[in-house]
Amino acid sequence: MKAIIMAGGKGTRLSPLTRNLPKPMVPLLDRPCIEYIVQLLKRHGITDIGITLQYLPKMVINYLGDGSEYGVKFRYFEEMFPLGTAGSVKNAANFLDETFLVISGDALTDFDLSRAIDFHYAKNALATLVLTRVEVPLEYGVVITEPNGTIARFLEKPSWSEIFSDTVNTGIYVIEPKTLNLVPEGENCDFSKDLFPLMLEKGLPLYGHVATGYWSDIGNLVQYRKAQFDILEGRVDVQIKGKEISPGVWADDGVRLDWTANVHGPCFLAEGTKVESGVSIGPYTVTGRYTRIEHGARLERAVIWNRVNVGREASIVGATVSNGVSVAAGASIRENTVIGEGSRIGEKAVILPGVKIWPQKTVAPGTMQTDSLVWGTSSLHSLFGIEGISGVQNLEFNPELAAKITAAYGACLKRGATVSVSCDEYYFSEILKYSVISSLLAIGIHVRDIGNTVVPVARFECRRSQADGGIHIRKTETENGSLLLLQFYDRDGLPIDKGTERKIENAFLQEDFPRPDADNLGSLIQATFKVDVYLTEILARIDVESVRNHRFKVALVCPGVSVSAVAQKVLDQLGCRVITASYEESEIEKLVLNNRCDLGIKLDASGQFLTLYTDQGTVLSEHHTLVLQTIVSLKEHRPMAVPVSAPSLVEQVIRKEGLPLVRTKTESRAVLAAAGNNLVQVYFDGFYYLVKVIEYLALKHTTLHDLVQSLPQFHIYTDIVPCPSEAKGRIMRLLLEEMKGEHLELIDGIKVLNDDAWALIMPDSERALFKVVVEGSSHLQAKRLTDLYKRKIFAYQQAE
């Protein structure tokens with residue numbers, strides 16, 4: 001059998017280690033990652049090996065040669081431009097004249113490849129995906145298989161709500177040559193995004209084999225370090241160079257170790273390493289070739305590459321140091337720091353945790369380096385949360401970070417694009433806004449500064465002005481206190497999609513932003529937006545005169561000047577009599593009853609969410625709110641969004657009117673996008689929802705209380721279940737296996753549908769918990785079903 005090693009990876013998330021090095025050449029205990037793959041293939045009798053190359057190909061070729069040193073034969077296939085995973089293998093089609101194995105050169109594994117190959121032949125498969133189970137599958141392609149191994153479904157890099165298993169694609173495949181006929185010649189094509197979905201669609205024999213053993217993608221700096229620690233702990237079946245000179249201490253040829261040095265395993269000292277007197281080498285330290293560690297230096301959990309000089313009394317703890325770095329006497333390099341090739345760290349300099357130093361940089365003596373060189377980075381696993389990027393003001397989120405994130409966003413836009421920028425009235429939001437605007441202008445993006453406003457107006461103006469995107473900065477309250485939130489919108493005024501979020505994160509991690517000359521900088525347009533344009537739009541959609549004739553009396557509670565100003569203008573235009581109270585102190589139920597109001601209105605600080613109170617002082621639940629939003633939107637005659645968590649009554653109302661509906665995820669982008677081209681919607685716009693409700697009450701000559709009472713009863717119960725994040729994928733897989741054959745929807749989490757009830761099980765995107773939502777024929781049935789699924793989740797947390 002032949003094999004193809006895919007070795008064209010650039011290793012963006014490993015920057016700055018990979019600025020001058022292809023990802024497959026990143027060393028693991030003094031051997032390039034790709035070398036471990038070659039040895040694994042040979043162990044299973046595969047010696048005729050093709051290697052696909054794209055980024056810095058000569059470095060791979062020069063190191064590996066013709067393969068004779070390893071007892072194998074190499075053939076190299078270079079791409080002139082990126083062809084994708086399947087496209088790169090298609091580029092080697094003339095070499096692949098028999099069943100072949102595809103494997104990544106930038107992952108570490110000890111899988112039994114022979115078992116996977118035997119499985120492939122036994123199933124008469126056209127392609128077999130080698131799968132494994134991981135604790136947190138967010139960064140991988142999740143795969144669901146039938147009991148016989150056929151693949152039923154897969155999803156590339158899902159969010160938590162889309163994860164239906166902890167079984168993921170490892171990028172190792174056994175493939176028949178004729179499968180490549182489905183790959184277009186000379187075009188970008190990916191196995192998991194393009195070829196395998198096409199095979200699934202055509203009903204071709206596509207199988208998944210769950211392998212046991214070790215596998216690590218080495219996709220980021222944390223995984224890179226952990227892979228080496230796993231080798232040292234014996235978790236990976238690979239050969240370590242050199243000899244074990246004491247328990248857990250591995251040393252290669254030519255290591256010189258002073259007798260006064262304290263060395264504690266597990267650790268690895270590469271060829272030619274010199275350790276002087278009084279040096280302390282703690283557990284999980286790895287040194288590269290010809291590294292010198294001078295008197296009194298201290299290393300612990302340090303990964304050091306070749307020809308590094310560590311000066312007297314210097315310390316490196318929990319950091320990664322690239323080739324040719326000089327660390328002067330007394331310098332201190334701390335946790336999660338990365339030092340790029342050829343950099344110089346001056347005497348008694350301190351590199352604080354999380355800092356990245358790009359190649360060939362110099363840190364002056366005595367410097368306390370608090371930020372990265374050239375540009376900064378974030379220690380977050382993922383920049384984006386549910387709504388955007390958030391953090392504590394001036395600590396986790398400061399103007400420097402905002403500028404760098406914005407530069408990454410701008411790098412993903414076309415040259416000369418225009419972005420609308422706005423913020424709420426909070427002072428620090430304005431400070432961040434100036435930083436955001438400056439960053440955009442500096443990379444050649446034009447800016448429309450629309451001033452202080454609320455989210456619905458910011459999104460409306462972004463779409464109305466035909467900008468290429470939008471940014472809104474605001475303060476938000478969470479269970480952990482106040483945070484600053486940076487939100488991005490696309491040209492339609494919708495929150496950006498997950499693909500765009502990933503592009504921004506990648507640009508942010510590469511820290512390689514456009515820097516045009518003075519003639520190509522962006523221009524600033526002071527376009528302070530008049531809210532009257534927005535009000536004109538939403539009021540043009542209702543019968544204003546009928547509402548004015550009704551003379552509604554409303555109780556209004558708003559946080560913040562911006563929200564209150566828009567709400568007051570709306571209600572004034574509608575001829576309403578308004579009773580107000582402060583947000584912090586008011587009990588709106590009493591305000592409604594004491595003043596005999598027709599309804600109570602409570603808006604959140606963003607202006608997106610409106611809570612209504614009836615004339616009886618009763619608050620509408622989130623589920624009644626969704627029903628009401630549907631009812632008041634019916635006459636707009638467009639596709640209607642039905643989030644998976646919506647009461648069944650929502651779908652019944654829409655079907656009764658004969659309108660098209662779209663079942664969606666619960667996230668704002670999915671709900672808003674369902675309606676297509678529409679400047680304003682009642683969803684995530686508290687002001688437009690308000691005017692539509694008031695119009696409906698006026699035209700129907702009814703009260704909110706009577707309207708709610710006239711609705712058919714429904715019974716929904718919601719609860720949360722604490723769960724470690726690393727168990728979520730396993731729980732989803734086990735639930736799906738148990739529910740096989742039941743009527744399921746897998747739009748957002750797992751929705752189980754029965755004749756008189758449904759249950760929705762959703763892993764939370766940010767917190768360590770599941771949310772369980774159940775609708776039943778009675779409150780008691782809904783509660784019982786909720787408890788049933790809570791017990792299942794708790795039980796599966798203990799399962800293996």
Inset, instruction - May I ask you to give the percent of accessible area on the chain that is carbon plus sulfur, with a probe radius of 1.4 Å? - result: 47
Legend entry - Segments 748-758, 354-364, 163-173, 70-80 sorted - mean Cβ within 10 Å per residue, highest first: 163-173, 354-364, 748-758, 70-80
Legend entry - Karplus-derived HN-Hα couplings along the range 766-772 (A = 6.51, B = -1.76, C = 1.60, θ = phi - 60°), whole Hz, x at Gly and Pro: 10, 9, 7, 6, 10, 10, 10
Legend entry - Positive minus negative residues near Gly366 (Lys, Arg vs Asp, Glu; Cβ under 11 Å): 0
Inset, instruction - Rounded to the nearest Å, what's the spacing between the alpha carbon centres of the range 218-260 and the range 753-800? Just the number, please. - result: 45
Inset, instruction - Could you tell me how many degrees, from 0 to 90 and to the nearest 10, lie between the Cα long axis of helix 221-232 and the main elongation axis, the longest principal axis, of the Cα atoms of the chain? - result: 40
Legend entry - Rounded tilt (10° steps) of 686-700 against the dominant C-alpha axis of the chain: 30
Legend entry - Low-density loop positions, trypsin sites (Lys or Arg not before Pro), the range 512-573 - DSSP coil, at most 14 other Cβ in 10 Å: Lys530, Arg551
Inset, instruction - Pull up all non-local amide H partners of Ile218: gap of 5 or more, or a different chain, and H-to-H distance under 5 Å with H placed in the peptide plane. - result: Leu108
Legend entry - Sequence-distant residues sharing a close amide H with Ala641 (under 5 Å, placed H): Val662
Inset, instruction - Using only alpha carbon pairs under 8 Å that are at least six residues apart, calculate the relative contact order of the range 548-664 and give it in whole percent. - result: 20
Legend entry - Computed over the range 640-725: relative contact order in percent, which uses C-alpha pairs under 8 Å that are six or more apart: 23
Legend entry - Charge dipole magnitude, Cβ of K and R +1, D and E -1 - the chain, Cα centre, debye nearest 20: 480
Inset, instruction - Can you tell me which of 618-628, 421-431 comes out highest on packing, and rank the rest after it, using the mean Cβ neighbours within 10 Å? - result: 421-431, 618-628
Inset, instruction - List the chymotrypsin sites (Phe, Trp or Tyr not before Pro) within the range 236-318 that fall in a DSSP loop (any state other than H, G, I, E or B) and whose Cβ has at most 10 other Cβ atoms within 10 Å. - result: Trp259
Inset, instruction - For Lys590, list the aspartates and glutamates whose Cα falls under 14 Å from its own Cα; do not include residues on the same chain fewer than 8 positions away. - result: Asp598, Asp615
Legend entry - Acute angle (nearest 10 degrees) that the helix 622-633 long axis makes with the longest principal axis of the chain, alpha-carbon atoms: 60
Inset, instruction - About the Cα centre of the range 637-688, how large is the charge dipole given +1 on each Lys and Arg Cβ and -1 on each Asp and Glu Cβ? Please answer in debye to the nearest 20. - result: 140
Inset, instruction - May I ask you to derive the relative contact order of the chain, considering only C-alpha pairs under 8 Å and at least 6 residues apart, and to give it as an integer percent? - result: 8
Inset, instruction - Step through the residues of the range 140-155 one at a time and calculate ³J(HN,Hα) from phi using the Karplus curve (6.51 cos²θ - 1.76 cosθ + 1.60, θ = phi - 60°), rounding each to whole Hz and writing x for Gly and Pro. - result: 10, x, 7, 10, 10, 10, 6, x, 7, x, 5, 7, 9, 6, 8, 9
Legend entry - Lysine-lysine proximity count for the range 315-464, Cα under 21 Å, sequence distance 8 or more or distinct chains: 6
Inset, instruction - Answer with one residue from Ser564, Ala581, Thr536: the one whose Cα lies farthest towards the positive end of the charge dipole of the range 521-590, charges on Cβ with Lys, Arg +1 and Asp, Glu -1. - result: Thr536
Inset, instruction - Would you mind working out the accessible area per residue for the chain, using a 1.4 Å probe, and quoting it in Å²? - result: 41
Legend entry - Residue-wise HN-Hα coupling along the range 105-122, computed from phi with Karplus coefficients 6.51, -1.76, 1.60 (Hz; x: Gly, Pro): x, 10, 10, 10, 8, 10, 3, 7, 5, 4, 5, 5, 5, 4, 4, 4, 5, 4
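The values are calculated or read from the model by the stated rules, or taken from the named source; none is laboratory data. Quick caveat, the model's predicted, so the values are computed rather than measured. Reconstructed Cβ throughout: ideal geometry from the backbone, glycine too, with neighbour counts over all protein chains shown. Protein only, heavy atoms only, side chains kept; ligands, DNA and RNA dropped before computing areas. Shrake-Rupley method; radii C 1.70, N 1.55, O 1.52, S 1.80 Å.
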